[in-house]
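Notes for the one structure printed next.
The values are calculated or read from the model by the stated rules, or taken from the named source; none is laboratory data. If you're wondering where the values come from, they're calculated on a predicted model, not measured in any experiment. So basically every Cβ, Gly included, is an ideal-geometry build from the backbone, and we count neighbours across all protein chains shown. Protein only, heavy atoms only, side chains kept; ligands, DNA and RNA dropped before computing areas. Shrake-Rupley method; radii C 1.70, N 1.55, O 1.52, S 1.80 Å.
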Amino acid sequence: MTEILLRGRVLTFHDEPLEGEASTDTYAYIEDGGLLIRNGKIVALDDYSALRAGEGRNVEVVDHHPHLIVPGFIDCHIHYPQMQVIGSYAGALLEWLDKYTFVEEQKFANQGHPERIASAFFDELIRHGTTTAAAYCSVHKASVQAFFTEAHKRNMRMVAGKVMMDRNAPSGLLDTPQSGYDETKALINEWHGKGRQLYVITPRFAPTSTPEQLEMSGALVREFPQLHVQTHLCENMAEIAFVAELFPWSRDYTNVYEHYGLLGPKTLLGHCIHLTDAEIGAIANSKSVAVFCPTSNLFIGSGLFDLGRLKKSNVRNALATDVGGGTSYSMLRTMDEGYKILNIQGQRYHPLRSFYQATLGNARALSLDGVIGSFKPGVEADCVVLDARATSAMRVRMETIETLVEELMLLQTMGDDRSVAEVYVTGKASKSTLT
Ligand code: GUN
Ligand code: ZN
(Lines give C-alpha, C1' and ligand atoms only; values in the text may rest on other atoms or scores of the structure.)
(Ligands and ions follow the chains in the order given, each with its own letter.)
Protein backbone atom coordinates (compact mmCIF):
# COMPACT_ATOMS: atom_id res chain seq x y z
CA MET A 1 0.00 0.00 0.00
CA THR A 2 1.40 3.39 -0.94
CA GLU A 3 0.17 6.43 0.89
CA ILE A 4 1.08 10.10 0.64
CA LEU A 5 -0.30 13.19 2.34
CA LEU A 6 0.02 16.39 0.32
CA ARG A 7 -0.13 19.60 2.32
CA GLY A 8 -0.83 22.98 0.80
CA ARG A 9 -3.55 25.41 -0.18
CA VAL A 10 -6.03 23.07 -1.81
CA LEU A 11 -8.73 24.06 -4.31
CA THR A 12 -11.26 21.74 -5.95
CA PHE A 13 -14.70 22.20 -7.53
CA HIS A 14 -18.02 20.41 -6.92
CA ASP A 15 -19.92 22.31 -9.59
CA GLU A 16 -19.69 25.16 -12.09
CA PRO A 17 -19.34 28.52 -10.32
CA LEU A 18 -22.02 30.95 -11.42
CA GLU A 19 -20.91 34.27 -12.83
CA GLY A 20 -19.77 36.66 -10.11
CA GLU A 21 -20.56 34.08 -7.45
CA ALA A 22 -18.43 34.47 -4.34
CA SER A 23 -20.17 31.66 -2.48
CA THR A 24 -18.14 28.56 -1.78
CA ASP A 25 -21.03 26.24 -2.66
CA THR A 26 -19.39 25.24 -5.90
CA TYR A 27 -15.86 24.73 -4.64
CA ALA A 28 -13.77 23.86 -1.60
CA TYR A 29 -10.70 25.88 -0.70
CA ILE A 30 -8.63 24.98 2.35
CA GLU A 31 -5.70 27.25 3.34
CA ASP A 32 -3.87 24.57 5.30
CA GLY A 33 -5.30 21.63 3.44
CA GLY A 34 -4.35 18.00 3.39
CA LEU A 35 -4.95 15.63 0.52
CA LEU A 36 -4.58 12.01 1.49
CA ILE A 37 -3.78 9.67 -1.40
CA ARG A 38 -3.69 5.89 -1.17
CA ASN A 39 -2.90 3.53 -4.04
CA GLY A 40 -3.23 6.34 -6.56
CA LYS A 41 -6.67 7.54 -5.45
CA ILE A 42 -7.96 10.36 -3.31
CA VAL A 43 -8.94 9.10 0.14
CA ALA A 44 -9.74 12.38 1.88
CA LEU A 45 -9.49 16.15 1.62
CA ASP A 46 -9.59 18.02 4.92
CA ASP A 47 -7.68 20.39 7.15
CA TYR A 48 -4.13 19.16 7.28
CA SER A 49 -4.18 18.93 11.08
CA ALA A 50 -7.30 16.73 11.05
CA LEU A 51 -5.80 14.33 8.53
CA ARG A 52 -2.40 14.29 10.22
CA ALA A 53 -3.98 13.42 13.57
CA GLY A 54 -5.89 10.50 12.07
CA GLU A 55 -2.91 9.02 10.26
CA GLY A 56 -0.04 6.98 11.59
CA ARG A 57 3.46 8.44 11.73
CA ASN A 58 4.51 6.52 8.68
CA VAL A 59 2.57 8.50 6.11
CA GLU A 60 4.85 10.53 3.82
CA VAL A 61 4.00 14.24 4.00
CA VAL A 62 4.95 16.67 1.23
CA ASP A 63 4.36 20.30 2.13
CA HIS A 64 3.68 22.53 -0.89
CA HIS A 65 2.93 25.78 0.94
CA PRO A 66 2.58 28.52 -0.17
CA HIS A 67 1.54 26.92 -3.45
CA LEU A 68 -1.93 25.94 -4.60
CA ILE A 69 -2.85 22.29 -5.20
CA VAL A 70 -5.61 21.76 -7.80
CA PRO A 71 -6.73 18.73 -9.82
CA GLY A 72 -4.52 18.01 -12.86
CA PHE A 73 -5.52 19.96 -15.96
CA ILE A 74 -7.53 18.26 -18.69
CA ASP A 75 -7.07 19.25 -22.35
CA CYS A 76 -10.08 18.21 -24.45
CA HIS A 77 -8.55 18.61 -27.95
CA ILE A 78 -4.90 18.30 -28.96
CA HIS A 79 -2.95 16.83 -31.90
CA TYR A 80 0.20 15.07 -30.79
CA PRO A 81 1.60 14.72 -34.38
CA GLN A 82 1.63 18.50 -34.61
CA MET A 83 4.45 19.17 -32.14
CA GLN A 84 6.56 20.32 -35.07
CA VAL A 85 3.75 22.36 -36.65
CA ILE A 86 3.23 24.94 -33.87
CA GLY A 87 3.94 28.47 -35.02
CA SER A 88 3.75 27.78 -38.78
CA TYR A 89 3.16 30.94 -40.79
CA ALA A 90 -0.04 30.47 -42.75
CA GLY A 91 -3.26 32.17 -43.66
CA ALA A 92 -6.40 30.35 -42.69
CA LEU A 93 -7.22 26.73 -41.84
CA LEU A 94 -7.16 25.01 -45.24
CA GLU A 95 -3.84 26.55 -46.26
CA TRP A 96 -2.40 25.76 -42.83
CA LEU A 97 -3.47 22.12 -43.16
CA ASP A 98 -2.13 21.71 -46.73
CA LYS A 99 1.13 23.56 -46.33
CA TYR A 100 2.29 22.40 -42.93
CA THR A 101 0.07 19.97 -41.07
CA PHE A 102 -0.44 17.35 -43.76
CA VAL A 103 3.26 17.53 -44.61
CA GLU A 104 4.32 17.01 -41.00
CA GLU A 105 1.86 14.23 -40.24
CA GLN A 106 3.27 12.12 -43.08
CA LYS A 107 6.47 11.74 -41.07
CA PHE A 108 4.61 9.45 -38.70
CA ALA A 109 5.10 6.70 -41.28
CA ASN A 110 8.85 6.87 -40.54
CA GLN A 111 10.44 4.32 -38.26
CA GLY A 112 11.04 5.71 -34.75
CA HIS A 113 9.39 9.08 -35.35
CA PRO A 114 6.09 8.40 -33.52
CA GLU A 115 7.96 7.03 -30.49
CA ARG A 116 10.29 10.03 -30.27
CA ILE A 117 7.47 12.57 -30.61
CA ALA A 118 5.18 10.69 -28.19
CA SER A 119 7.85 10.76 -25.52
CA ALA A 120 8.45 14.50 -26.04
CA PHE A 121 4.70 15.11 -26.06
CA PHE A 122 4.08 13.54 -22.66
CA ASP A 123 7.05 15.39 -21.19
CA GLU A 124 5.44 18.61 -22.41
CA LEU A 125 2.01 17.75 -21.00
CA ILE A 126 3.53 17.06 -17.60
CA ARG A 127 5.67 20.19 -17.71
CA HIS A 128 2.46 22.20 -18.25
CA GLY A 129 0.37 20.44 -15.60
CA THR A 130 -1.88 18.54 -18.01
CA THR A 131 -2.59 15.03 -16.78
CA THR A 132 -5.36 14.01 -19.20
CA ALA A 133 -5.92 14.87 -22.87
CA ALA A 134 -8.29 13.94 -25.67
CA ALA A 135 -5.73 13.55 -28.44
CA TYR A 136 -5.67 13.05 -32.19
CA CYS A 137 -2.98 10.73 -33.46
CA SER A 138 -2.07 10.60 -37.18
CA VAL A 139 -3.68 8.27 -39.72
CA HIS A 140 -0.92 5.72 -39.08
CA LYS A 141 -1.64 2.89 -36.69
CA ALA A 142 1.94 3.14 -35.41
CA SER A 143 1.28 6.66 -34.19
CA VAL A 144 -1.47 5.33 -31.91
CA GLN A 145 0.71 2.45 -30.72
CA ALA A 146 3.48 4.87 -29.78
CA PHE A 147 1.03 7.22 -28.07
CA PHE A 148 -0.71 4.64 -25.90
CA THR A 149 2.51 2.78 -25.14
CA GLU A 150 4.01 5.97 -23.72
CA ALA A 151 0.81 7.00 -21.86
CA HIS A 152 0.47 3.52 -20.37
CA LYS A 153 4.10 3.52 -19.26
CA ARG A 154 3.49 6.81 -17.45
CA ASN A 155 0.08 5.65 -16.18
CA MET A 156 -1.59 8.80 -17.52
CA ARG A 157 -5.31 8.77 -18.33
CA MET A 158 -5.56 9.50 -22.02
CA VAL A 159 -8.33 9.50 -24.61
CA ALA A 160 -6.85 9.07 -28.09
CA GLY A 161 -7.48 7.67 -31.54
CA LYS A 162 -6.19 7.26 -35.07
CA VAL A 163 -7.61 9.85 -37.45
CA MET A 164 -9.61 8.34 -40.28
CA MET A 165 -9.23 10.29 -43.53
CA ASP A 166 -9.68 8.93 -47.05
CA ARG A 167 -9.79 11.96 -49.36
CA ASN A 168 -8.60 15.54 -49.91
CA ALA A 169 -5.17 15.01 -48.40
CA PRO A 170 -1.81 13.67 -49.69
CA SER A 171 -1.88 9.97 -50.53
CA GLY A 172 0.56 9.24 -47.69
CA LEU A 173 -2.12 10.31 -45.24
CA LEU A 174 -5.08 8.39 -46.64
CA ASP A 175 -6.67 5.22 -45.37
CA THR A 176 -9.79 3.64 -46.86
CA PRO A 177 -13.23 3.15 -45.33
CA GLN A 178 -12.35 -0.51 -44.73
CA SER A 179 -8.78 -0.06 -43.46
CA GLY A 180 -9.85 2.86 -41.26
CA TYR A 181 -12.55 0.66 -39.76
CA ASP A 182 -10.32 -2.41 -39.36
CA GLU A 183 -7.40 -0.54 -37.83
CA THR A 184 -9.66 1.40 -35.49
CA LYS A 185 -11.29 -1.81 -34.33
CA ALA A 186 -7.93 -3.51 -33.77
CA LEU A 187 -6.70 -0.49 -31.77
CA ILE A 188 -9.89 -0.44 -29.68
CA ASN A 189 -9.42 -4.10 -28.86
CA GLU A 190 -5.80 -3.60 -27.94
CA TRP A 191 -6.00 -0.35 -26.00
CA HIS A 192 -9.47 0.66 -24.82
CA GLY A 193 -9.62 0.03 -21.10
CA LYS A 194 -6.00 -1.10 -20.84
CA GLY A 195 -4.84 0.58 -17.63
CA ARG A 196 -6.06 4.16 -17.88
CA GLN A 197 -6.26 4.31 -21.69
CA LEU A 198 -9.47 5.12 -23.56
CA TYR A 199 -10.00 4.96 -27.31
CA VAL A 200 -11.84 7.72 -29.20
CA ILE A 201 -13.34 7.11 -32.66
CA THR A 202 -11.77 9.87 -34.78
CA PRO A 203 -12.99 10.79 -38.27
CA ARG A 204 -10.77 13.87 -38.77
CA PHE A 205 -13.49 16.12 -40.23
CA ALA A 206 -16.09 15.90 -43.00
CA PRO A 207 -13.84 17.32 -45.79
CA THR A 208 -11.32 14.47 -45.47
CA SER A 209 -13.82 11.59 -45.28
CA THR A 210 -15.97 10.11 -48.04
CA PRO A 211 -19.61 9.30 -47.27
CA GLU A 212 -18.49 5.63 -47.11
CA GLN A 213 -15.93 6.41 -44.41
CA LEU A 214 -18.42 8.41 -42.35
CA GLU A 215 -20.80 5.47 -42.71
CA MET A 216 -18.10 3.14 -41.34
CA SER A 217 -17.40 5.61 -38.51
CA GLY A 218 -21.10 5.46 -37.62
CA ALA A 219 -20.91 1.67 -37.66
CA LEU A 220 -18.03 1.82 -35.15
CA VAL A 221 -20.10 4.13 -32.91
CA ARG A 222 -23.00 1.66 -33.01
CA GLU A 223 -20.67 -1.24 -32.24
CA PHE A 224 -18.86 0.60 -29.43
CA PRO A 225 -21.45 3.02 -28.01
CA GLN A 226 -19.46 3.55 -24.83
CA LEU A 227 -16.54 5.12 -26.74
CA HIS A 228 -15.89 8.80 -27.30
CA VAL A 229 -16.05 10.33 -30.80
CA GLN A 230 -14.00 13.38 -31.79
CA THR A 231 -13.95 15.53 -34.90
CA HIS A 232 -13.86 19.16 -36.07
CA LEU A 233 -16.89 21.34 -36.84
CA CYS A 234 -17.47 24.81 -38.27
CA GLU A 235 -14.02 26.22 -37.60
CA ASN A 236 -13.68 28.27 -40.77
CA MET A 237 -15.97 29.69 -43.49
CA ALA A 238 -14.08 28.12 -46.44
CA GLU A 239 -14.23 24.75 -44.67
CA ILE A 240 -18.00 25.13 -44.24
CA ALA A 241 -18.45 26.02 -47.94
CA PHE A 242 -16.35 22.96 -48.90
CA VAL A 243 -18.57 20.69 -46.78
CA ALA A 244 -21.67 22.12 -48.48
CA GLU A 245 -20.11 21.21 -51.86
CA LEU A 246 -19.10 17.71 -50.76
CA PHE A 247 -22.42 16.88 -49.08
CA PRO A 248 -24.96 18.83 -51.18
CA TRP A 249 -27.93 17.05 -49.57
CA SER A 250 -27.01 18.22 -46.05
CA ARG A 251 -28.98 20.91 -44.20
CA ASP A 252 -25.66 22.18 -42.84
CA TYR A 253 -22.26 20.92 -41.63
CA THR A 254 -23.58 19.55 -38.33
CA ASN A 255 -26.23 17.63 -40.25
CA VAL A 256 -23.49 15.60 -41.96
CA TYR A 257 -22.30 14.22 -38.60
CA GLU A 258 -25.91 13.85 -37.45
CA HIS A 259 -26.78 11.89 -40.60
CA TYR A 260 -24.02 9.33 -39.99
CA GLY A 261 -24.87 8.87 -36.31
CA LEU A 262 -21.79 10.63 -35.01
CA LEU A 263 -23.42 13.03 -32.54
CA GLY A 264 -24.10 12.07 -28.92
CA PRO A 265 -23.09 12.66 -25.30
CA LYS A 266 -19.58 11.23 -25.87
CA THR A 267 -18.93 13.36 -29.00
CA LEU A 268 -16.36 16.15 -28.84
CA LEU A 269 -16.73 18.77 -31.58
CA GLY A 270 -13.64 20.92 -31.98
CA HIS A 271 -14.16 24.65 -32.56
CA CYS A 272 -17.92 25.17 -33.22
CA ILE A 273 -17.38 28.82 -34.13
CA HIS A 274 -19.69 29.49 -37.09
CA LEU A 275 -22.93 27.72 -36.23
CA THR A 276 -26.50 28.41 -37.30
CA ASP A 277 -29.35 28.22 -34.78
CA ALA A 278 -30.41 24.89 -36.30
CA GLU A 279 -26.92 23.49 -35.74
CA ILE A 280 -26.87 24.69 -32.15
CA GLY A 281 -30.23 22.99 -31.65
CA ALA A 282 -28.91 19.70 -33.08
CA ILE A 283 -25.78 19.84 -30.93
CA ALA A 284 -27.79 20.63 -27.80
CA ASN A 285 -30.34 17.87 -28.46
CA SER A 286 -27.63 15.29 -28.98
CA LYS A 287 -25.77 16.45 -25.82
CA SER A 288 -22.55 16.64 -27.84
CA VAL A 289 -19.77 18.87 -26.54
CA ALA A 290 -18.53 22.06 -28.23
CA VAL A 291 -14.78 22.38 -27.61
CA PHE A 292 -13.39 25.91 -27.27
CA CYS A 293 -9.78 26.18 -28.55
CA PRO A 294 -8.85 29.84 -27.93
CA THR A 295 -5.15 30.01 -28.89
CA SER A 296 -5.83 28.10 -32.09
CA ASN A 297 -8.87 30.16 -33.06
CA LEU A 298 -6.83 33.35 -32.75
CA PHE A 299 -3.66 31.97 -34.34
CA ILE A 300 -5.35 30.46 -37.41
CA GLY A 301 -7.72 33.41 -37.48
CA SER A 302 -10.80 31.20 -37.35
CA GLY A 303 -13.07 33.47 -35.32
CA LEU A 304 -14.56 34.02 -31.88
CA PHE A 305 -16.22 31.16 -29.99
CA ASP A 306 -19.54 32.43 -28.66
CA LEU A 307 -19.84 30.66 -25.32
CA GLY A 308 -22.77 32.83 -24.19
CA ARG A 309 -24.89 31.84 -27.21
CA LEU A 310 -24.08 28.14 -26.78
CA LYS A 311 -24.82 28.20 -23.05
CA LYS A 312 -28.19 29.84 -23.66
CA SER A 313 -29.09 26.74 -25.66
CA ASN A 314 -27.60 24.44 -23.00
CA VAL A 315 -24.81 23.19 -25.24
CA ARG A 316 -22.16 21.38 -23.21
CA ASN A 317 -18.69 22.85 -23.62
CA ALA A 318 -15.03 22.11 -22.99
CA LEU A 319 -11.72 23.97 -23.16
CA ALA A 320 -8.64 22.86 -25.09
CA THR A 321 -5.29 23.89 -26.54
CA ASP A 322 -5.59 22.38 -30.05
CA VAL A 323 -1.81 22.22 -30.39
CA GLY A 324 -0.41 22.60 -33.12
CA GLY A 325 -3.06 25.05 -34.44
CA GLY A 326 -2.98 26.17 -30.82
CA THR A 327 0.15 27.95 -29.72
CA SER A 328 0.68 26.67 -26.17
CA TYR A 329 0.45 23.41 -24.25
CA SER A 330 -0.51 25.41 -21.19
CA MET A 331 -4.10 25.37 -19.97
CA LEU A 332 -3.24 28.59 -18.09
CA ARG A 333 -2.33 30.32 -21.37
CA THR A 334 -5.49 28.79 -22.86
CA MET A 335 -7.68 30.22 -20.07
CA ASP A 336 -6.08 33.63 -20.66
CA GLU A 337 -6.79 33.64 -24.39
CA GLY A 338 -10.29 32.30 -23.71
CA TYR A 339 -10.88 35.17 -21.32
CA LYS A 340 -9.83 37.66 -24.00
CA ILE A 341 -12.02 36.09 -26.70
CA LEU A 342 -15.07 36.21 -24.44
CA ASN A 343 -14.27 39.66 -23.06
CA ILE A 344 -14.09 41.16 -26.55
CA GLN A 345 -17.62 39.82 -27.13
CA GLY A 346 -18.83 41.44 -23.91
CA GLN A 347 -18.93 38.12 -22.06
CA ARG A 348 -17.43 37.65 -18.62
CA TYR A 349 -15.30 34.63 -17.78
CA HIS A 350 -14.61 34.57 -14.07
CA PRO A 351 -11.30 32.92 -13.08
CA LEU A 352 -13.16 30.47 -10.86
CA ARG A 353 -15.03 29.38 -13.97
CA SER A 354 -11.92 28.89 -16.06
CA PHE A 355 -10.21 26.83 -13.32
CA TYR A 356 -13.44 24.83 -12.95
CA GLN A 357 -13.48 24.30 -16.72
CA ALA A 358 -9.88 23.09 -16.97
CA THR A 359 -10.55 20.55 -14.19
CA LEU A 360 -14.04 19.29 -13.28
CA GLY A 361 -15.73 21.02 -16.25
CA ASN A 362 -13.56 19.20 -18.77
CA ALA A 363 -13.93 15.94 -16.81
CA ARG A 364 -17.70 16.35 -17.14
CA ALA A 365 -17.35 17.13 -20.84
CA LEU A 366 -15.56 13.79 -21.17
CA SER A 367 -18.14 12.07 -18.93
CA LEU A 368 -15.21 11.24 -16.66
CA ASP A 369 -16.23 13.17 -13.53
CA GLY A 370 -16.00 10.70 -10.67
CA VAL A 371 -12.83 9.38 -12.33
CA ILE A 372 -10.69 12.53 -12.73
CA GLY A 373 -10.99 16.31 -12.34
CA SER A 374 -11.65 16.73 -8.63
CA PHE A 375 -10.50 15.69 -5.15
CA LYS A 376 -13.63 13.72 -4.28
CA PRO A 377 -12.75 10.49 -2.44
CA GLY A 378 -12.28 7.66 -4.92
CA VAL A 379 -11.16 9.91 -7.78
CA GLU A 380 -7.78 9.20 -9.40
CA ALA A 381 -5.15 11.35 -7.74
CA ASP A 382 -3.85 13.56 -10.54
CA CYS A 383 -2.86 16.97 -9.17
CA VAL A 384 -0.97 20.05 -10.19
CA VAL A 385 0.86 22.35 -7.77
CA LEU A 386 0.77 25.99 -8.90
CA ASP A 387 3.19 28.74 -7.95
CA ALA A 388 1.76 32.24 -8.41
CA ARG A 389 5.22 33.74 -7.70
CA ALA A 390 7.04 31.77 -10.38
CA THR A 391 8.52 34.79 -12.17
CA SER A 392 9.87 38.11 -10.94
CA ALA A 393 6.96 39.97 -12.55
CA MET A 394 4.46 37.64 -10.87
CA ARG A 395 6.21 38.08 -7.51
CA VAL A 396 5.85 41.85 -7.74
CA ARG A 397 2.20 41.54 -8.76
CA MET A 398 1.50 39.11 -5.91
CA GLU A 399 2.52 41.81 -3.40
CA THR A 400 -0.84 43.51 -3.97
CA ILE A 401 -2.97 40.39 -4.28
CA GLU A 402 -5.23 39.59 -1.35
CA THR A 403 -7.75 36.98 -2.42
CA LEU A 404 -7.81 33.52 -3.97
CA VAL A 405 -9.78 34.83 -6.95
CA GLU A 406 -7.17 37.52 -7.63
CA GLU A 407 -4.43 34.91 -7.44
CA LEU A 408 -6.25 32.63 -9.91
CA MET A 409 -6.67 35.57 -12.27
CA LEU A 410 -2.93 36.27 -12.04
CA LEU A 411 -2.08 32.60 -12.62
CA GLN A 412 -4.19 32.48 -15.78
CA THR A 413 -2.99 35.86 -17.03
CA MET A 414 0.75 35.55 -16.44
CA GLY A 415 1.22 31.86 -15.69
CA ASP A 416 2.64 29.12 -17.90
CA ASP A 417 4.82 26.06 -17.36
CA ARG A 418 7.02 28.06 -14.98
CA SER A 419 4.06 28.23 -12.59
CA VAL A 420 3.76 24.46 -12.48
CA ALA A 421 5.82 23.53 -9.44
CA GLU A 422 4.93 19.83 -9.38
CA VAL A 423 2.54 17.39 -10.99
CA TYR A 424 1.23 14.18 -9.44
CA VAL A 425 -0.02 11.36 -11.63
CA THR A 426 -1.96 8.87 -9.50
CA GLY A 427 -0.16 10.27 -6.49
CA LYS A 428 3.36 10.01 -7.94
CA ALA A 429 5.47 13.14 -8.40
CA SER A 430 6.19 13.49 -12.13
CA LYS A 431 7.46 16.95 -13.03
CA SER A 432 10.50 16.73 -10.81
CA THR A 433 11.57 13.53 -12.58
CA LEU A 434 11.65 15.16 -16.04
CA THR A 435 15.05 15.94 -17.48
N1 GUN B 1 -9.57 20.52 -39.06
C2 GUN B 1 -9.20 19.33 -39.56
N3 GUN B 1 -7.98 18.97 -39.10
C4 GUN B 1 -7.60 19.95 -38.28
C5 GUN B 1 -6.42 20.15 -37.51
O6 GUN B 1 -5.49 19.34 -37.48
N7 GUN B 1 -6.38 21.31 -36.78
C8 GUN B 1 -7.38 22.20 -36.78
N9 GUN B 1 -7.27 23.30 -36.04
N10 GUN B 1 -8.48 22.05 -37.52
C11 GUN B 1 -8.60 20.93 -38.25
ZN1 ZN C 1 -7.91 20.08 -34.00
Meets criteria (touching a His at 6+ places or on another chain (Cβ under 6 Å) and within 26 Å of residue 92 (Cα to Cα)) for residue 291: yes
Test: residue 180 is over 18 Å from residue 108 (Cβ atoms), of a type in the set (Gly, Ala, Ser) and either more than 16 Å from ligand 2 (Cβ to nearest atom) or buried (at least 22 other Cβ atoms within 10 Å of the Cβ) (or both): no
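Quick check on this structure: which one of 277, 306, 336, 322 is touching a strand residue (DSSP E or B) at 6+ places or on another chain (Cβ under 7 Å), of a type in the set (Asp, Glu) and modelled with pLDDT of 95 or more? Spell out how you get there, then give the answer.
Working: 277 fails: touching a strand residue (DSSP E or B) at 6+ places or on another chain (Cβ under 7 Å); 306 fails: touching a strand residue (DSSP E or B) at 6+ places or on another chain (Cβ under 7 Å); 336 fails: touching a strand residue (DSSP E or B) at 6+ places or on another chain (Cβ under 7 Å).
Within the list 277, 306, 336, 322, the selection yields 322.
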Unmet requirement for residue 17, which otherwise passes all of (1) crowded, with 16+ Cβ neighbours inside 10 Å; (2) on the phi > 0 side of the Ramachandran plot; (3) modelled with pLDDT under 95: (2)
Failed condition for residue 172, given (1) open to solvent by 10 Å² or more (accessible area, probe 1.4 Å); (2) within 15 Å of ligand 1 (Cβ to nearest atom); (3) in contact (Cβ under 8 Å) with a residue 60 or more places away in the chain: (2)
Qualifying residue in region 240-261 (condition: within 30 Å of residue 382 (Cβ to Cβ) and of a type outside the set (Lys, Arg)): no
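Anything in region 323-336 that is within 20 Å of residue 384 (Cβ to Cβ) and within 16 Å of ligand 1 (Cβ to nearest atom)? List them, or say none. Steps first, answer last, please.
Step one: list which residues in region 323-336 are within 20 Å of residue 384 (Cβ to Cβ), which gives 323, 326, 328-336.
Within region 323-336, 323, 326, 328, 329, 334 qualify.
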Qualifying position, being modelled with pLDDT of 95 or more, open to solvent by less than 20 Å² (accessible area, probe 1.4 Å) and farther than 21 Å from residue 353 by Cα, among 381, 429: 381
Residues of region 90-120 satisfying the condition of being modelled with pLDDT under 95 and away from ligand 1 (no atom under 15 Å from the Cβ): none
From the options 216, 237, 165, residue that is open to solvent by 30 Å² or more (accessible area, probe 1.4 Å), within 14 Å of ligand 1 (Cβ to nearest atom) and aliphatic (A, V, I, L, M): 237
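For residue 109, are the conditions met, namely being without any contact (Cβ under 8 Å) to a residue 24 or more places away in the chain, surrounded by fewer than 19 Cβ atoms within 10 Å (Cβ to Cβ) and out of contact with any Pro (no Cβ under 9 Å at 6 or more places or on another chain)? Before you say what the answer is, go through the steps one by one.
Values: without any contact (Cβ under 8 Å) to a residue 24 or more places away in the chain: no; surrounded by fewer than 19 Cβ atoms within 10 Å (Cβ to Cβ): yes; out of contact with any Pro (no Cβ under 9 Å at 6 or more places or on another chain): yes.
No.
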Of all residues in region 183-213 being polar (S, T, N, Q) and assigned to a loop (DSSP other than H, G, I, E, B), the one that is surrounded by the most Cβ atoms within 10 Å (Cβ to Cβ): 209
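For every residue, the table says whether it meets (1) touching a Cys at 6+ places or on another chain (Cβ under 9 Å); (2) closer than 23 Å to residue 24 by Cα.
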{"site": "342", "(1), (2)": "no, no"}
{"site": "345", "(1), (2)": "no, no"}
{"site": "355", "(1), (2)": "no, yes"}
{"site": "370", "(1), (2)": "no, yes"}
{"site": "389", "(1), (2)": "no, no"}
{"site": "403", "(1), (2)": "no, yes"}
{"site": "412", "(1), (2)": "no, yes"}
{"site": "427", "(1), (2)": "yes, no"}
Scan of region 189-204 for residues that are closer than 20 Å to residue 78 by Cβ and free of Cβ contacts under 8 Å to residues at least 40 places away in the same chain, ordered by number: 192
Answer residue from region 240-252, given it is touching a residue at least 12 places away in the same chain (Cβ under 8 Å) and either of a type in the set (Gly, Ala, Ser) or within 13 Å of ligand 1 (Cβ to nearest atom) (or both) and is least open to solvent (accessible area, probe 1.4 Å) among those: 243
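Quick grid of which residues meet (1) surrounded by fewer than 23 Cβ atoms within 10 Å (Cβ to Cβ); (2) within 28 Å of residue 199 (Cα to Cα):
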residue	(1), (2)
40	yes, yes
55	yes, no
63	yes, no
66	yes, no
70	no, yes
98	yes, yes
125	no, yes
130	no, yes
135	no, yes
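If only one of 334, 359 is more than 16 Å from ligand 2 (Cβ to nearest atom) and within 23 Å of residue 405 (Cα to Cα), which one is it?
On the way: 334 fails: more than 16 Å from ligand 2 (Cβ to nearest atom).
Being more than 16 Å from ligand 2 (Cβ to nearest atom) and within 23 Å of residue 405 (Cα to Cα) holds for just one of 334, 359, which is 359.
Considering only region 337-355, state which residues are within 27 Å of residue 121 (Cβ to Cβ) and either open to solvent by less than 10 Å² (accessible area, probe 1.4 Å) or within 16 Å of ligand 1 (Cβ to nearest atom) (or both). Lay out the reasoning, then the answer.
Step one: of region 337-355, the residues within 27 Å of residue 121 (Cβ to Cβ) are 337-341, 354-355.
Hits for region 337-355 are 337, 338, 341, 354, 355.
Which residues, counting only those in region 335-349, are part of a loop (DSSP other than H, G, I, E, B) and of a type in the set (Lys, Arg)?
Step one: of region 335-349, the residues part of a loop (DSSP other than H, G, I, E, B) are 345-349.
Of everything in region 335-349, just one residue is part of a loop (DSSP other than H, G, I, E, B) and of a type in the set (Lys, Arg), namely 348.
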Test: residue in region 72-86 that is open to solvent by 40 Å² or more (accessible area, probe 1.4 Å) and part of a helix (DSSP H, G or I): no
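With respect to residue 36, is the statement that it is assigned to a strand (DSSP E or B), away from ligand 1 (no atom under 16 Å from the Cβ) and surrounded by 17 or more Cβ atoms within 10 Å (Cβ to Cβ) true? Can you show your working first?
Working: assigned to a strand (DSSP E or B): yes; away from ligand 1 (no atom under 16 Å from the Cβ): yes; surrounded by 17 or more Cβ atoms within 10 Å (Cβ to Cβ): yes.
So residue 36 fits the description; yes.
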